[in-house]
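Taking it in order: structure first as structure tokens, then the write-up.
The values are calculated or read from the model by the stated rules, or taken from the named source; none is laboratory data. Bear in mind that the values here come from a model prediction, so they are computed numbers and not experimental data. With ideal geometry, Cβ positions are generated from the backbone for all residues, glycine too; neighbour counts draw on all protein chains shown.
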Amino acid sequence: MALLSIIIGLLFDRAFRHLHDLRDFSWFEYYTNAVTRFIRASNGLIQIVAVLLIPVLIIAAIQYLLSDFLLDFPYILFGVLVFAYCLGPACLSSDIEFYLDARRLGDEDEALHYAGALTERAASTAPDQQTSDVTRAILHVANERIFAVIFWFVIVGPAGALLYRLTTSLSKQDGLNDSLTAVAILFQSVLTWVPARMLALGYALTGHFDGALQAYRNRPYESDLALENYDVLVNTGMGALRDQEATDEISSIISARNLVMRSILIWVAVLALLTLGGWLG
């Protein structure tokens, strides 16, 4: 059932772009601020448990109640809605296409806006540096926006997808105390560790394998888990893009987008084979 929910959710995300504004997590910021005002613990671990526990338990309870009910149709519908809600928060394909359109039209302000949306920081105004930054960002945020959500949805169901998205949102939320922010970043990095390496493997399998393997082995050592996850995805992805033919200044962005989509599709295909094997078994 996870496979069906994922496929429908990905198609829904792609087809109904005008509904992306409904993917609003502002309620979670208000909720987090309310909880942290109520629980003024110096230990960020206590606060993060208090913040995440109720929303995740609610989704887990609904998930449990809907399982094996009416041939699982309500469960599939619920799974599609939760999965589609947890993607993003913005559609990666849309952001890439809007950026590419702006670059092709020479609209520097619009390109700068979408470059910042992809890199999640102030983008460079120098075209070459901007192209490099966006290419690397695509290889990284594809995991955060799409693949890690798929991974935790498969492992735990809708509750797992929501747990990952809320943890990621919490790790980037402004105005939190240093202890809670540090714990949220660490927890998000732990949840990202496995899917990051699976997606990096997808980059190697669907791109230049030797280049990806060499880049993975030669990546710099990082004691910070979040930076290590970033380096695994970006270095492996850039290695997988080796020998890509450059036809224009933004060809690397198109190549990175295609590499990401192929890698995600290959893992969805693996899930389909495992699901088919379970049905036949």
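Restricting the search to region 191-214, which residues are hydrophobic (A, V, I, L, M, F, W, C) and farther than 16 Å from residue 259 by Cα? Please lay out each step first, then the result.
Step one: filter region 191-214 for residues hydrophobic (A, V, I, L, M, F, W, C), giving 191, 193-194, 196, 198-201, 204-205, 209, 212-213.
191, 193, 194, listed by residue number.
Among the numbered criteria (1) modelled with pLDDT of 90 or more; (2) outside any helix (DSSP H, G or I), which one does residue 53 miss?
Of the numbered conditions (1) modelled with pLDDT of 90 or more; (2) outside any helix (DSSP H, G or I), the odd one out for residue 53 is (2).
Among the residues of region 31-75, count how many are among the hydroxyl-bearing types (Ser, Thr, Tyr) and over 18 Å from residue 171 (Cβ atoms). Spell out the reasoning first.
We begin by selecting, within region 31-75, every residue among the hydroxyl-bearing types (Ser, Thr, Tyr); these are 31-32, 36, 42, 64, 67, 75.
Retained after the next criterion (residues that are over 18 Å from residue 171 (Cβ atoms)): 42, 64, 67, 75.
Within region 31-75, residues that are among the hydroxyl-bearing types (Ser, Thr, Tyr) and over 18 Å from residue 171 (Cβ atoms) number 4.
Determine if region 91-113 includes at least one residue that is within 30 Å of residue 44 (Cα to Cα) and assigned to a loop (DSSP other than H, G, I, E, B). Outline the logic, then answer.
Taking region 91-113 as the starting set, the residues that turn out to be within 30 Å of residue 44 (Cα to Cα) are none.
The answer is no; no qualifying residue exists.
Test each condition in (1) more than 12 Å from the chain's Cα centre (by Cα); (2) assigned to a helix (DSSP H, G or I) for residue 123 and report the one that comes out false.
(2)
When residues of region 90-122 are filtered for being touching a residue at least 12 places away in the same chain (Cβ under 8 Å) and surrounded by 13 or more Cβ atoms within 10 Å (Cβ to Cβ), how many remain?
21
Which of (1) surrounded by 21 or more Cβ atoms within 10 Å (Cβ to Cβ); (2) within 30 Å of residue 162 (Cβ to Cβ) is the odd one out, the single condition residue 222 does not satisfy?
It is condition (1) that residue 222 fails.
Do we have any residue at all in region 154-171 that's charged (D, E, K, R), modelled with pLDDT of 95 or more and within 12 Å of the chain's Cα centre (by Cα)?
Within region 154-171 (the criterion being charged (D, E, K, R), modelled with pLDDT of 95 or more and within 12 Å of the chain's Cα centre (by Cα)), the answer is yes, since at least one residue qualifies.
So in region 1-44, with the set limited to residues that are outside any helix (DSSP H, G or I) and under 24 Å from residue 63 (Cα atoms), which one is modelled with the highest pLDDT? Talk me through it step by step, then tell me what you get.
So in region 1-44, the residues outside any helix (DSSP H, G or I) come out as 1, 16, 23-25, 39-43.
Filter again for under 24 Å from residue 63 (Cα atoms), leaving 1, 23-25.
Values: 1: 64, 23: 81, 24: 83, 25: 88.
Among those residues, the one meeting the criterion is 25.
In contact (Cβ under 8 Å) with a residue 60 or more places away in the chain and over 21 Å from residue 76 (Cα atoms): is that true of residue 176 in this structure? Show your work before the answer.
On the way: in contact (Cβ under 8 Å) with a residue 60 or more places away in the chain: yes; over 21 Å from residue 76 (Cα atoms): yes.
Spelling it out, residue 176 is indeed in contact (Cβ under 8 Å) with a residue 60 or more places away in the chain and over 21 Å from residue 76 (Cα atoms).
Only one residue in 230, 203 is farther than 30 Å from residue 30 by Cα and surrounded by 14 or more Cβ atoms within 10 Å (Cβ to Cβ). Which one? Reasoning before the result, please.
Details: 230 fails: farther than 30 Å from residue 30 by Cα.
None of the others qualify; the one that does is 203.
Applying the selection to region 168-193, what residues are under 12 Å from residue 226 (Cα atoms) and among the polar types (S, T, N, Q)?
Residues satisfying the conditions are 168, 171, 188, 189, 192.
Could you tell me which numbered condition residue 22 fails, if it satisfies all but one of (1) surrounded by 12 or more Cβ atoms within 10 Å (Cβ to Cβ); (2) within 18 Å of the chain's Cα centre (by Cα)?
(1)
Could you grab the pairs with beta carbons closer than 6 Å, sequence gap of 6+ or different chains, first residue in region 50-77 and closer than 11 Å to residue 158 by Cα, second one surrounded by fewer than 16 Cβ atoms within 10 Å (Cβ to Cβ) and not polar (S, T, N, Q)?
So the pair list comes out as 76/1; 76/4.
Tally the residues that are more than 24 Å from residue 171 (Cβ to Cβ) and assigned to a helix (DSSP H, G or I), restricting the search to region 205-255. It would help to see each step written out before you state the result.
First pass over region 205-255, keeping only residues more than 24 Å from residue 171 (Cβ to Cβ): 205-218, 238-255.
Of the ones still in play, those that are also assigned to a helix (DSSP H, G or I) are 205-206, 209-217, 238-240, 251-255.
Of the residues in region 205-255, 19 are more than 24 Å from residue 171 (Cβ to Cβ) and assigned to a helix (DSSP H, G or I).
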